[in-house]
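Below is one structure; the comments refer to it alone.
The values are calculated or read from the model by the stated rules, or taken from the named source; none is laboratory data. None of these values were measured; they are calculated from a predicted model. So basically every Cβ, Gly included, is an ideal-geometry build from the backbone, and we count neighbours across all protein chains shown. Heavy atoms of the whole protein, side chains included, go into the accessibility calculation; ligands, DNA and RNA do not. Shrake-Rupley method; radii C 1.70, N 1.55, O 1.52, S 1.80 Å.
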Amino acid sequence: MHKKFKIYISESFDPKFNLSVEEWLMACNELNDIVFFLWQNANTIVIGRNQNPYKECDVKKLKEDDVHLVRRLSGGGAVYHDHGNLNFTFIASDESYDVESNMEIILNGVSRFGVHGCFNGRNDLLVQGRKFSGNAFISDNGMNCHHGTLLVDADLYKLSKYLTVSPLKLKSKGIDSVASRVINLKEFSSQITVDSLKDALIISFNEFYKAEAQIILLNEKAIDVTAYMGKYGSWEWNYTESPDFAITAEDKFNWGIFEISLEVSDGVIKDCKIFTDAIVPEAFKSLEKLFQNKEFKRRNMLEAIENCIINEQIKNDLCCLVKDKILTN
């Protein structure tokens with residue numbers, strides 16, 4: 001079987017588009033095609049297929065700072081993408097797919113700058129014990145996808161800021177990210193930029209396969225992936241696909257201590273319990289019932305409080321509690 005080699009480079013920084021391209025490539029790839037896709041996202045948290053966004057990141061800060069949150073098809077942990085991060089994807093059929101070969105291509109590309117990394121045998125690429133690349137994998141109908149991040153000059157402060165959850169009592173059956181010591185490749189070589197690394201990886205890919213791959217530039221006008229983008233932009237995919245979880249928030253006000261516990265399944269509040277030592281007569285039991293069977297969205301909770309609580313001070317305090325501590329969107 002004569003193999004064909006293609007290198008796709010995205011000109012878009014939209015995570016919905018780039019993740020859609022991956023899915024489109026998997027669906028359209030020919031059995032004899034070996035695809036290498038290079039792409040970047042702007043200001044984005046990407047969570048794994050089986051992760052809970054409320055547990056993995058500070059959803060409130062994401063909303064305040066206009067950071068995208070998108071769920072990918074593969075497993076693994078949550079990652080932060082910005083213009084200082086380069087993402088790569090290999091797509092090939094079972095007959096042409098080999099993870100170790102893919103890792104060799106990446107490491108050879110990085111080594112062109114005198115930086116010698118290694119594969120830790122799990123999902124990461126390391127230099128001097130520090131992680132600069134996390135990887136994840138998908139297999140479906142004989143087609144395989146291996147994608148990963150490359151920290152070139154990413155904002156590690158923001159990575160830490162957004163991937164640190166606010167202090168909340170939260171239990172989840174989902175897959176947690178594993179904290180790792182990460183580092184930018186620029187720390188090892190000032191010659192490494194996103195653009196220079198792209199060039200090095202293209203050379204490494206061609207050298208490995210002894211080929212001259214076709215280079216194809218992609219943007220929203222070049223291909224139509226709207227059939228996939230709807231999913232990656234939807235609240236249902238990014239939030240309700242989370243595993244079941246329980247969340248508890250509490251605060252002390254001048255009228256008493258208030259604690260609320262929520263059981264959430266498929267993005268819907270299945271159960272709500274409120275505990276308080278407030279002596280002010282209020283319809284807290286009615287509020288519990290109003291929360292139940294509502295989508296776990298901030299606006300639904302605020303609307304229930306507005307419709308149920310009469311005391312203005314308590315109403316305002318509970319609305320602030322939801323806005324500040326209930327990490328919903």
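The figures follow:
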quantity: Residues of the range 307-327 that turn out to be β-branched (Val, Ile, Thr) and in a helix (DSSP H, G or I), as a count; calculated: 2
quantity: Matching entry among ASP98, ASP66 (being at positive phi and open to solvent by 10 Å² or more (accessible area, probe 1.4 Å)); calculated: ASP66
quantity: Residues that are assigned to a helix (DSSP H, G or I) and either buried (at least 16 other Cβ atoms within 10 Å of the Cβ) or under 25 Å from the mean Cα position of the chain (by Cα) (or both), drawn from the range 289-306; calculated: LEU290, PHE291, ARG298, ARG299, ASN300, MET301, LEU302, ALA304, ILE305
quantity: Selection count where residues are farther than 19 Å from SER242 by Cα and not hydrophobic (A, V, I, L, M, F, W, C), scope the range 267-298; calculated: 9
quantity: Test for LEU201: is it outside any loop (DSSP other than H, G, I, E, B), out of contact with any Asp or Glu (no Cβ under 9 Å at 6 or more places or on another chain) and surrounded by 13 or more Cβ atoms within 10 Å (Cβ to Cβ); calculated: yes
quantity: Those strands (runs of 3 or more DSSP E) lying entirely in the range 120-164 with at least 1 residues among the polar types (S, T, N, Q); calculated: 130-140, 143-151
quantity: In the range 28-65, residue modelled with the lowest pLDDT [restricted to those that are hydrophobic (A, V, I, L, M, F, W, C) and under 10 Å from the mean Cα position of the chain (by Cα)]; calculated: CYS57
quantity: Residue check for VAL46: in contact with a Pro (Cβ under 7 Å, 6 or more places away or on another chain), free of Cβ contacts under 8 Å to residues at least 40 places away in the same chain and surrounded by 20 or more Cβ atoms within 10 Å (Cβ to Cβ); calculated: yes
quantity: Residue count, the range 258-288 (criterion: open to solvent by 70 Å² or more (accessible area, probe 1.4 Å), in contact (Cβ under 8 Å) with a residue 12 or more places away in the chain and within 23 Å of ILE310 (Cβ to Cβ)); calculated: 4
quantity: Residue among GLY174, GLY148, GLY84 that is at pLDDT 90 or above, open to solvent by less than 30 Å² (accessible area, probe 1.4 Å) and in contact with a Phe, Trp or Tyr (Cβ under 8 Å, 6 or more places away or on another chain); calculated: GLY148
quantity: Scan of the range 232-257 for residues that are over 19 Å from GLY75 (Cα atoms) and open to solvent by 50 Å² or more (accessible area, probe 1.4 Å), ordered by number; calculated: GLU250, ASP251, LYS252, ASN254, ILE257
quantity: Failed condition for ILE274, given (1) under 28 Å from the mean Cα position of the chain (by Cα); (2) part of a strand (DSSP E or B); calculated: (1)
quantity: Near pairs, Cβ below 7 angstrom, 6+ apart or cross-chain, from the range 12-29 (within 10 Å of TYR228 (Cβ to Cβ)) to any residue that is in a helix (DSSP H, G or I) and among the aliphatic types (A, V, I, L, M); calculated: LYS16/MET229; PHE17/MET229; SER20/MET229
quantity: Filter pass, ASP224 being closer than 29 Å to ASP14 by Cα and either open to solvent by 40 Å² or more (accessible area, probe 1.4 Å) or in a helix (DSSP H, G or I) (or both); calculated: yes
quantity: Every residue from the range 194-234 that is of a type in the set (D, E, K, R) and under 24 Å from the mean Cα position of the chain (by Cα); calculated: ASP195, LYS198, GLU220, ASP224, LYS231
